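Contents: one structure, followed by commentary.
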Amino acid sequence: MKRILVTGMSGTGKSTVIRELDALGFRAVDLDGDEFSHWVEVEEDSESSGTSVEKGRDWVWREDRILELLTTDDAEVLFLSGCSPNMGQFFGNFDHVVLLSATQDTIMQRLSERTGNSYGKHPLEALRVIHLIATIEPLLRTISTCEIDTGAPISDVLDRLVCLTEEEPQNS
């Protein structure tokens, strides 16, 4: 089974892409829900200041459920989407790690207009996303095997992702 992680900052289009991949018939799972993520208490320090979702709390992947997804061989291709502080421990399980990116202006517009998720509408949340674009996105860029600008039409983004299902793994 080929495993592909689609990651990026809030507003880059992860949920939209994963819904579209599902509609195309791929096994595609959005990890940003209660089934696969949960709140944990975290200690804020100078290194993590400004990165947790809330002061003293963060939204992280349920490790046991992610491992179960990654080890269940029920599809030829598995797309997972999400971004979490604990996702690094799973990178070795993916054939490709795809970073979705967009300009800050595009992301801010998407966050203000989104209807299925209210995250990013509050000014402090929008500021956090801007901070993460500057601090976390560059780290994701260094570990990704592919970066896709979601300012392109969704059909182009999907075409690039589908092409990855036929390529040799780059993250072995």
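Please find, within region 64-74, the residue that is nearest to Lys2 (Cα to Cα) out of those that are surrounded by fewer than 14 Cβ atoms within 10 Å (Cβ to Cβ), of a type outside the set (Ser, Thr, Tyr) and free of Cβ contacts under 8 Å to residues at least 40 places away in the same chain. So that I can check it myself, show each step before the final result.
At the first step, the residues of region 64-74 found to be surrounded by fewer than 14 Cβ atoms within 10 Å (Cβ to Cβ) are 64, 68, 71-74.
Now narrow it down to the ones that are of a type outside the set (Ser, Thr, Tyr): 64, 68, 73-74.
From the residues that got through so far, the ones that are free of Cβ contacts under 8 Å to residues at least 40 places away in the same chain too are 64, 68.
Details: Asp64: 20, Glu68: 15 Å.
So the residue we want is Glu68.
Filter region 132-155 down to residues that are surrounded by 13 or more Cβ atoms within 10 Å (Cβ to Cβ) and over 13 Å from Thr12 (Cβ atoms), then give me how many there are.
Adding up the residues that qualify gives 3.
State whether the residues of region 77-94 include one that is on the phi < 0 side of the Ramachandran plot and in contact with a Cys (Cβ under 8 Å, 6 or more places away or on another chain).
Quick first cut of region 77-94, residues on the phi < 0 side of the Ramachandran plot only: 77-81, 83-94.
Filter once more, keeping what is in contact with a Cys (Cβ under 8 Å, 6 or more places away or on another chain): none.
No, region 77-94 contains no residue that is on the phi < 0 side of the Ramachandran plot and in contact with a Cys (Cβ under 8 Å, 6 or more places away or on another chain).
Taking region 48-67 only, how many residues are modelled with pLDDT of 95 or more, of a type in the set (A, V, I, L, M, F, W, C) and either over 15 Å from the mean Cα position of the chain (by Cα) or farther than 14 Å from Gln89 by Cβ (or both)?
Result for region 48-67: 1.
So for region 97-110 (the condition being aliphatic (A, V, I, L, M), in a helix (DSSP H, G or I) and in contact with a strand residue (DSSP E or B) (Cβ under 6 Å, 6 or more places away or on another chain)), does at least one residue qualify?
The answer is no, given that none of the residues of region 97-110 is aliphatic (A, V, I, L, M), in a helix (DSSP H, G or I) and in contact with a strand residue (DSSP E or B) (Cβ under 6 Å, 6 or more places away or on another chain).
What are the residues in region 23-35 that are touching a strand residue (DSSP E or B) at 6+ places or on another chain (Cβ under 7 Å) and either more than 23 Å from Glu137 (Cα to Cα) or surrounded by fewer than 23 Cβ atoms within 10 Å (Cβ to Cβ) (or both), if any?
Correct list: Phe26, Arg27, Ala28, Val29, Asp30.
I need every pair where a residue in region 8-22 that is surrounded by fewer than 21 Cβ atoms within 10 Å (Cβ to Cβ) and in a helix (DSSP H, G or I) has its Cβ under 6 Å from the Cβ of a residue that is of a type outside the set (Asp, Glu) and modelled with pLDDT of 95 or more, sequence separation at least 6 or different chains.
Pairs that qualify, where the first residue is surrounded by fewer than 21 Cβ atoms within 10 Å (Cβ to Cβ) and in a helix (DSSP H, G or I) and the partner is of a type outside the set (Asp, Glu) and modelled with pLDDT of 95 or more, are Glu20/Leu158; Asp22/Ala28.
Quick check on my filter: what residues within region 23-41 are part of a loop (DSSP other than H, G, I, E, B) and without any contact (Cβ under 8 Å) to a residue 24 or more places away in the chain? Outline the logic, then answer.
Within region 23-41, the subset part of a loop (DSSP other than H, G, I, E, B) is 24-26, 31-36.
Passing the criteria: Gly25, Gly33, Asp34.
Could you check region 136-156 and list, in sequence order, the residues that are assigned to a helix (DSSP H, G or I), touching a residue at least 12 places away in the same chain (Cβ under 8 Å) and over 19 Å from Leu111 (Cα atoms)?
If the condition is that a residue be assigned to a helix (DSSP H, G or I), touching a residue at least 12 places away in the same chain (Cβ under 8 Å) and over 19 Å from Leu111 (Cα atoms), then Leu140, Arg141, Ile143 are the ones that fit.
Before we move on, is Ala126 crowded, with 16+ Cβ neighbours inside 10 Å, out of contact with any Cys (no Cβ under 9 Å at 6 or more places or on another chain) and hydrophobic (A, V, I, L, M, F, W, C)?
For Ala126, the condition - crowded, with 16+ Cβ neighbours inside 10 Å, out of contact with any Cys (no Cβ under 9 Å at 6 or more places or on another chain) and hydrophobic (A, V, I, L, M, F, W, C) - is met.
The values are calculated or read from the model by the stated rules, or taken from the named source; none is laboratory data. Values in this document were obtained by computation on a predicted structure and should not be read as measured data. Neighbour counts are summed over all protein chains in view; Cβ atoms, including those assigned to glycine, are modelled from backbone coordinates with ideal geometry.
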